[in-house]
Amino acid sequence: MPEKPLVLGVLASGRGSNLKAVMDAIASGALDARIGVVLSNKENAEALVHAKKRGIPAFFSDPKAVSGREAYDALLCEILKQHQVELLVLAGYMRLLSPALVAPYRDRIINIHPSLLPAFPGLHAQRQALEYGVKVSGCTVHFVDEKMDHGPVIAQASVPVTASDTESVLADRILHEEHRLLPKVIQWYAEGRLRIEGRRVLLNKEAELEIL
């Protein structure tokens, strides 16, 4: 186990359900981490409310207050450093990161996406899956690079897609797996179990057994 809790920074743009899953895992002792700060590009993001209720520093940072994506990400980077963030978690964050944030946190940023990447990157992944007619979908936790939903895959969880599914029904089914998978992957990171080799993320045998 880590000698001290891993310090997380969380970027979120919406309701913050994955943030809540991480906070719950920390509270239960399943995740040896603490959240140093939560940041959002949306002033009314519910994620900020959830964080503040648990006494976690949480701030709205207005993208319009600076000139361009690089300047905005540089601002976020400074805030994350001030809070001594070791791992950055994107939990429903609806902006593409620029090199100004990716480079300082290279291999220390993870994202959760509601599809089995590389299938259906970007927005409305569940709708894309239904329109394509797939029989299986799911979610992916991956390291983040400068491209959208592109970095090395850490772990995935699958769910069936039925003929009667709507976008919201499928989204809820996938979300259940997101809430299970994201805290687990963060714990693997905290315990030093992850190793990146090119596009492959390798886990030790114990971690491989846990995902089954």
- prompt: Using modelled backbone amide H atoms (1.01 Å from N, in-plane), which distant-in-sequence or interchain residues come within less than 5 Å of V134's amide H?
  reply: none
message: If I model a spin label at D24 and T162 as a point 7 Å from the Cα along the Cα→Cβ vector, what separation in nanometres do I get?
response: 2.2
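Which of the GluC sites (Glu not before Pro) found in the range 125-212 are in a DSSP loop and have at most 14 neighbouring Cβ atoms, other than their own, within 10 Å? Let's see the in-between values first.
Working: sites: E131, E146, E167, E177, E178, E191, E197, E206, E208, E210; in loops: E146, E191.
Those satisfying the criteria are E146.
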- prompt: Between the range 79-149 and the range 1-27, what is the C-alpha centre distance in whole Å?
  reply: 15
Cα centre as origin, Lys/Arg/Asp/Glu Cβ charges: the chain dipole, Debye: 200
- prompt: Taking amide hydrogens as modeled 1.01 Å from N in the peptide plane, which residues meet the under 5 Å criterion relative to I35, leaving out close sequence neighbours?
  reply: L8
field: Straight-distance crosslink candidates among lysines, where the alpha carbon sits under 25 Å from K81 and sequence neighbours closer than 8 are dropped
entry: K4, K20, K42, K52, K53, K64, K147, K184
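Assign one of three labels to the range 1-118, namely rounded, prolate or oblate, based on the Cα gyration tensor with a ≥ b ≥ c the square roots of its eigenvalues; rounded applies when a/c is under 1.5, prolate when it is not and a/b is larger than b/c, and oblate otherwise. Please report the intermediate quantities before stating the final value.
Numbers: a/c = 1.43, a/b = 1.33, b/c = 1.08.
Rounded.
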statement: Ordered by fewest other Cβ atoms within 10 Å, a rough proxy for footprinting exposure, D172, D32 read D172, D32
task: Mind sorting T162, T140 by how few other Cβ atoms lie within 10 Å of their own Cβ, fewest first?
output: T162, T140
task: Would you mind calculating the gained length between V134 and N44 on full extension (0.36 nm times residue separation, minus the Cα-Cα distance), in nm to one decimal?
output: 28.9 nm
Distant-in-sequence amide H partners of I109 (H built 1.01 Å from N, under 5 Å): L88, V144
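The chain: D in µm²/s via Stokes-Einstein (Kirkwood Rh, Cα pairs, 25 °C, 0.890 mPa s)?
Values: Rh = 17.5 Å.
Stokes-Einstein gives a translational diffusion coefficient of 140 µm²/s.
What is the order of R106, R200, fewest Cβ neighbours within 10 Å to most?
Numbers: R106 12, R200 9.
Final ranking by Cβ density, sparse to dense: R200, R106.
Read-outs throughout are calculated quantities, based only on the coordinates presented, and are distinct from any laboratory measurement. Keep in mind it's a predicted model, so treat the numbers as computed, not measured. Neighbour counts are summed over all protein chains in view; Cβ atoms, including those assigned to glycine, are modelled from backbone coordinates with ideal geometry.
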